[in-house]
1. Once the Cβ-Cβ distance between Ala353 and Asn400 is put in as r, and R0 is 35 Å, what FRET efficiency do you end up with, to the nearest 0.05?
2. How many angstrom lie between the Cα centre of the range 44-60 and the Cα centre of the range 271-324?
3. So what is the 222 nm mean residue ellipticity for the chain from helices alone, if each DSSP H run of at least 4 adds -39500 (n - 2.57) and you divide by all residues, rounding to the nearest 500 deg cm²/dmol?
4. If each of Ala224 and Asn77 carries a label point 7 Å out from its Cα toward its Cβ, how far apart are those two points in nm?
5. If each of Lys300 and Asp87 carries a label point 7 Å out from its Cα toward its Cβ, how far apart are those two points in nm?
6. Within the accessible area of the chain, what % is carbon and sulfur when the probe is 1.4 Å and the other protein chains stay in place?
7. In the range 217-319, which chymotrypsin sites (Phe, Trp or Tyr not before Pro) fall in coil by DSSP and have 14 or fewer other Cβ atoms within 10 Å?
8. Which of the trypsin sites (Lys or Arg not before Pro) found in the range 102-206 are in a DSSP loop and have at most 15 neighbouring Cβ atoms, other than their own, within 10 Å?
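The values are calculated or read from the model by the stated rules, or taken from the named source; none is laboratory data. In this text the structure is predicted, and so the values were computed from the model without any measurement. Cβ placement follows ideal geometry from the backbone for every residue including glycine, while neighbour counts extend to all protein chains displayed. For accessibility, only protein heavy atoms count, side chains too; no ligands or nucleic acids. Shrake-Rupley method; radii C 1.70, N 1.55, O 1.52, S 1.80 Å.
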Amino acid sequence: FPPAVFPLSCVVQNYSWGKVGLESEVAKLVASGDPLVQIQPDQPYAELWMGAHPRGDALIRDNRIPQKTLGQWIADNPACLGAKVKDAFQGHLPFLFKVLSVNTALSVQAHPNKELAAKLHAQFPEHYPDANHKPEMAIALTPFEGMCGFRPVEEIVSFLQNVPELRALIGEVAAEQLERSGSDDPRGVSAALRVCFTRLMKSEKKFFVDQLNMLVKRISQEAAEGKDTSGSNGDLLLQLHSQYPGDIGCFTIYFLNLVRLEPGEAMFLGANEPHAYLQGDCVEIMACSDNTVRAGLTPKFIDVLTLCEMLNYTPAPSSSKIFPAAQSQLDPHVYLYDPPVPDFTIMRIEIPASIKLYLISAMDSASILLVIQGTAMGTSTAAASEMSLHRGSVLFISANESISLHLSSPDGMLLFRACCLL
């Protein structure tokens, strides 16, 4: 039999928003995963792609395997996905697993559901390259900040009253409609929110740049005088404006929740949920798709009309955006992040220093294992030979295969395992 468990060498994406050099968790993982890699101190290391995506197909690090990449190997050995996964996802790995290191904000964006994705792909294939939905989940590795979902209405109304430049862009009629909308009429609230956000996003460039400059000038003066600018979300405004001067996305901070994650905490981004990552390092998992509808904080193609049409305008507090992990009933060292979509699940595996032998158990799904900390020798009946595992190691594990870890680190291990639990 060909080896069904093997190490991967994964593709790095050097997007401009990434952390630079060895400040990046991506760079640190790559450097410890492969000592021969030279990290460029002035180069951004934004994303590590662990999977079989055509724009970043992982290389197989096992010279007994004739296929060069994971995508080729899966195409030749589709049974490795597991029977259910293979049938449900037409012989493709249904997820892309990543590490992200965010230095400057990513664009304000949302991902379409399957129905909208198919429509966008048919109409604008150059901007929407496939017909799949793209739910995603981020789990913090370091303190992580992002914007996600619409704030409670009272918070937005408070900003409308404290930030005259925002009110000018939205207009008095729309602002008053939101102020009058009552919590007993959620559809009325969503409708008013849609009008306000759409008016903001569609405002004339010259007008919003003038308003933004006035706002930034006012906040900078207030901050210099030692005043509290939190009523205008001053710190975040100045941070985003320094990164994307004159960008409409700077105003979205008054509509979207600021979510702060501690290491191990997660946020799940379903279809049509507006979001933008701001800073920090995380592991991320998503359905295999590149469909992103953007509307600000970006030099890329923006599609304001589609975004404003598709969004989920349900206000909710930022605390509701933190997705809980459940400790596994079968193994107390495993914490499951199992979102309400079939495409993916992540396990966080924390092995204490007291344990010297640990079994990565078999499951009816292909999985990808990432080592964040600790060292071990891995053995598997499905691997060609012993595998040395350390920080930055990435393994592909075929369905129904297990690995025994012989731990050698004084402080235990932290692993993340991406899979598909149908």
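1. Numbers: r = 30 Å, r/R0 = 0.85.
The calculated FRET efficiency here is 0.70.
2. Comparing the Cα centres of the range 44-60 and the range 271-324, I get a distance of 21 Å.
3. Working: 11 runs with 111 residues, N = 422.
Result for the chain: -7500 deg cm²/dmol, rounded to the nearest 500.
4. My value for the distance between the label points is 6.5 nm.
5. 3.6
6. The C+S portion of the solvent-accessible surface of the chain is 54 percent.
7. Working: sites: Phe251, Tyr254, Phe255, Phe268, Tyr277, Phe301, Tyr313; in loops: Phe255, Phe301, Tyr313.
Those that pass, being in a loop and sparsely packed, are Phe301.
8. Working: sites: Lys114, Lys119, Arg167, Arg180, Arg187, Arg194, Arg199, Lys202, Lys205, Lys206; in loops: Lys202.
Here the trypsin sites (Lys or Arg not before Pro) that fit, given the DSSP loop and packing criteria, are Lys202.
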